[in-house]
1. Which residue, 175, 122, 264, has the most motion in a Gaussian network model of the chain that connects Cα atoms within less than 10 Å?
2. What distance in nm separates the two pseudo spin-label positions at residue 229 and residue 101, each 7 Å out from Cα along the beta-carbon direction?
3. Could you list 28, 238 in order of exposure, starting from the residue whose Cβ has the fewest other Cβ atoms within 10 Å?
4. Using a ≥ b ≥ c from the Cα gyration tensor of the range 188-275 (square roots of the eigenvalues), is it rounded, prolate or oblate, where a/c under 1.5 gives rounded and otherwise the larger of a/b and b/c decides, a/b for prolate?
5. Would you kindly derive the ³J(HN,Hα) couplings of the range 395-406 from the backbone phi angles with the Karplus curve 6.51 cos²θ - 1.76 cosθ + 1.60 (θ = phi - 60°), listing them in order in whole Hz, with x for Gly and Pro?
6. Given H placed on each backbone N at 1.01 Å, which residues far from residue 389 in sequence or on other chains put an amide H within less than 5 Å of it?
7. Looking only at the chain, where both bridge partners belong to it, what percent of the DSSP beta bridges are antiparallel (to the nearest 5)?
8. Find the centroid of the Cα atoms in the range 171-203 and in the range 208-234, then give the distance between the two in whole Å.
Amino acid sequence: MKTRPDPPVIPSERGRCPFDPPAEYARLRAEQPVSPVTFEVAPKDTSGWLVTRHDLVRQILADDRFSHRNELLAHVVAPPFPMTEYAPQPSPPGSFAKMDAPDHTKYRRLLAGHFTLRRIQQYEPQLTRIVDGALAEMAAEGSPADLVSGFAEKVSLRSVCSLMDVSPELMDGIQEHFSALMTLTYTLEEFIHHVESMDGLIRPMVRERTAERGEDFFGRLAATGELTEDELVNLAVLTLGGSLDTTPNMLSLSVFALLENPDQLALLRERPELYEAGAVDELLRYLTISQMGSSRCALEDVEIGDAVIKAGQTVVLALPAANRDPEVFTDPDRLDVTRVPRKHLALGFGAHQCLGQHLARASLRIGLRALFERFPSLRLAMPAGEVPLRDRAVHYGVDRLLVSWS
């Protein structure tokens, strides 16, 4: 019988409720909010820290003594995720998600103007048309239907295509390869294949937009004159691929959660203004699909809580645990669509807070409201216990969600 390693690995076993994070998080948050853990990293195990308390997670996310650089972080793989042969390397130019200032600041500044609250508000009529179109197709195909492929993925893919002026054919190819990388089950050979395939799809588009210097998303980026071709390609991978994994997972899982909490769904039907007031952020808090959390590396010795994080050590910030902290959220394990959870960390905090947060909120608000208004009798068409969960991926969600309506 295999014994438990000491220090332990990151908790991963979920309980009976598919929407709750591992129960071990609650014990750690109460007893040892900064706890030592073992990371399974080729070629040997190494130790680091797991932070589960909300105030400490938020503190580290805003502390520039902790780096987000890819090459400094151990490749954290917690069960049930399999080992991978890939070891982190310095982030390629333009791939700013794993960079620190000033490089991160440069790229984010160039992109930020395209995802402001005002820009997304102007885009909402188009997003509404996309949602309505996907629902019309779902209705025409008939009940039952898979909400993931028949609605959530369609809305996400089509919104990216329209917002960033990219063809559906290109996005289909990108989605296939990006989704494979998000499962964390790839070998080194598969990793190289998916990365090279995405490059082969995106680079010709970038070259065309660079030559045209038009008013489309990538044309405007190229027109700044601040980016090389490689930088534009890697920015495209992040902006195109990122939303294809997060939004459909969050949208599908939100529907599952609301169908399993009919009292909360009833409140939304009676008071649709709750979508605007805070229900979307409550779903983000309650579900927190970033199940592996966020990782940082200490650049110097830093005292956090009762622990001293040594320079060079990796820290994993358990966002699902932080968003269930009873010191911040009353009755945190209950979905409450009347709650306004202003301090939730599902979209991050600090310099690396989600760039597409306004688009994510709009997609959930418009998508959920339109879905339940179009199908007032919507219900699960499969036992809740048989819904296949994405528990071996970067972002939690469902692989399939059969629904029916009268």
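1. Top of the fluctuation ranking is 122.
2. In this crude label model, residue 229 to residue 101 measures out at 3.4 nm.
3. Final ranking by Cβ density, sparse to dense: 238, 28.
4. Details: a/c = 4.92, a/b = 2.01, b/c = 2.45.
It comes out oblate by the Cα gyration axes.
5. Taking θ as phi minus 60°, the curve returns 10, 6, x, 10, 7, 7, 9, 6, 10, 9, 7, 8 Hz for the range 395-406.
6. 399
7. Percentage antiparallel, nearest 5: 90.
8. Each part's Cα centre sits 22 Å from the other's.
The numbers here are math on the coordinates, done by the rules we state, and not lab data. Here the structure is a predicted model, which is why all the values come from computation and not from measurement. Ideal geometry is used to build each Cβ from the backbone, glycine not excepted, and the neighbour counts take in all protein chains shown.
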